Amino acid sequence: MALKNGKIAALAGGVGAAKFLRGLALCVEQRRLDIVVNTADDDQFYGLHVCPDLDTIVYTLGGVANPRTGWGIAHDTFATLKALSPFFGRPWFALGDHDFATHLFRTSRLAAGLPLSEVSAEIARRFGVRARVMPMSEQPVRTFVTLRGRAAMPFQEYLVRNRARGRVERVEFRGLEKARPLPAAVAALKNAAAVIVAPSNPIVSVGPILGFKAIRAALAAARERAAAISPIIGGRPVKGPLDKMLRGLGHEVSVLGVARLYQKLVGVFVIDRADRRYAQAIADLGLKPVVTDTLMATPKRAARLAETVLRALNLAI
Ligand code: FO1
């Protein structure tokens with residue numbers, strides 16, 4: 001395996017990706033990681049620009065993430081949120097006091113004209129993160145979800161306010177046609193020794209990133225050195241409404257349904273032992289199935305999974 005630039009590029013959503021990347025960072029130095037993050041979950045809350053997936057990855061790699069939720073900051077307090085409720089009404093999107101500091105900083109830097117990639121790098125530095133954590137684009141792309149009989153709603157409203165209830169009929173990424181992928185993200189995929197699609201929701205977390213033709217093409221060109229990890233274990237998503245989304249959009253709710261979405265893009269597809277009966281069907285798609293333990297209950301288990309993925313890509317660590 002040619003080492004190219006010796007770096008590992010990853011496509012990432014939120015909590016599942018962050019857990020995997022924390023494990024990966026136990027195997028290889030953080031400065032060797034180029035992480036391209038979904039920003040289609042971003043939104044404005046209480047007047048501030050919130051980037052849930054970028055923050056989840058930075059807080060996790062920085063060692064400050066809330067271990068119970070996977071997002072937000074450990075031991076955070078909620079005095080600001082409480083004080084804001086007479087102004088904004090009962091809050092449904094919980095931002096802790098320390099988390100607020102990140103959003104205040106980001107919002108002020110963006111208002112001063114800095115690009116999101118630069119502000120994200122500043123925030124990553126503030127939390128001691130050495131990996132390069134990049135937004136997929138400088139321009140806004142926003143996921144909207146349409147439920148049966150309802151008007152399209154912003155993603156966080158669907159996921160958090162509505163608790164992912166209802167039948168998903170459509171998912172759209174507004175702004176995608178006008179947005180451009182971050183040039184550094186495309187370059188990272190082209191130059192990396194290996195590319196890993198983290199165990200994130202393929203529809204709403206990885207989907208928006210792959211919505212950029214240049215990113216999709218760069219991943220397809222890297223297929224022989226690229227792996228994806230299934231976010232489904234034993235036929236169910238580890239977290240979130242992926243099953244409802246796959247079903248609603250006409251895909252099979254299984255590791256095979258996810259493998260089909262990545263068929264032309266990665267050479268290796270990693271599934272849990274609980275789904276080993278699908279290994280042959282995945283091989284029939286032209287993907288090399290790797291069967292292992294994918295539940296990342298501890299950082300050590302995430303590191304073991306990362307090590308397995310690196311070995312499957314012939315990367316000595
Ligand atoms: N998820 C929730 O279920 N409830 C919340 O109140 C909530 C707040 C929140 C604040 C900051 C942040 O970075 C993430 C937050 N999340 C919350 C998680 C977020 O909705 C999801 O992690 C992602 O958007 C899906 O990847």
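A short reminder: the numbers here are calculations on the coordinates, not readings from a lab. Bear in mind that the values here come from a model prediction, so they are computed numbers and not experimental data. Cβ sites come from the backbone with ideal geometry, for glycine too, and all protein chains shown count toward neighbours.
For helix 299-312, report the angle its Cα long axis makes with the longest principal axis of the Cα atoms of the chain; keep it between 0 and 90° and round to the nearest 10°.
The angle comes out at about 40 degrees.
May I ask for the equivalent-ellipsoid semi-axes of the chain, computed as the square root of five times each C-alpha gyration tensor eigenvalue and listed largest first in whole Å?
In descending order the semi-axes read 29, 23, 19 Å.
From the cross-link list 213/244; 19/244; 190/264; 7/264; 19/300; 19/82, which pairs have alpha carbons spaced over 20 Å apart?
Beyond 20 Å between Cα atoms: 213/244; 19/244; 7/264; 19/82.
Considering the Cα trace of segment 74-191, what is its radius of gyration and what is Dmax, both in angstroms?
Computed over the Cα atoms of segment 74-191, radius of gyration and Dmax are 17.2, 51 Å.
List the residues of segment 96-115 whose backbone N lies under 17 Å from a point placed 7 Å from the Cα of residue 82 along the Cα-to-Cβ direction.
96-100
Can you sort 282, 35 by how many other beta carbons sit within 10 Å, fewest first?
So the residues, fewest neighbours to most, are 282, 35.
Determine the relative contact order of segment 193-317: mean sequence separation of Cα pairs under 8 Å and six or more apart, normalised by residue count, in whole percent.
23 percent
Treating each Cα of segment 134-232 as an identical point scatterer and ignoring solvent, apply the Debye formula and state log10 I(q)/I(0) at q = 0.14, 0.16, 0.22 Å⁻¹.
Each listed q corresponds, in turn, to -0.60, -0.75, -1.14.
Measuring from a point 7 Å past the Cα of residue 148 along Cα-to-C-beta, which residues in segment 227-267 have an amide N at less than 19 Å?
Once the point is set 7 Å along Cα→Cβ of residue 148, 241-253 turn out to lie under 19 Å by backbone N, inside segment 227-267.
Order these by the 10 Å Cβ neighbour count, fewest first: 253, 36, 204.
Sorted ascending by nearby Cβ count, the order is 253, 204, 36.
How are the C-alpha pair distances of segment 197-317 spread across 10 Å bins, as whole percents from the shortest bin up?
14, 47, 35, 4, 0
Full extension from residue 162 to residue 301: what is 0.36 nm times the residue separation minus their Cα-Cα distance, to one decimal in nm?
46.8 nm
Please arrange 41, 272 by how many other C-beta atoms lie within 10 Å of their C-beta, fewest to most.
272, 41
So if each residue of separation counts as 0.36 nm, and I subtract the Cα-Cα distance between residue 74 and residue 177, what length gain in nm does that give?
Residue separation times 0.36 nm, minus the Cα-Cα distance, leaves 33.4 nm.
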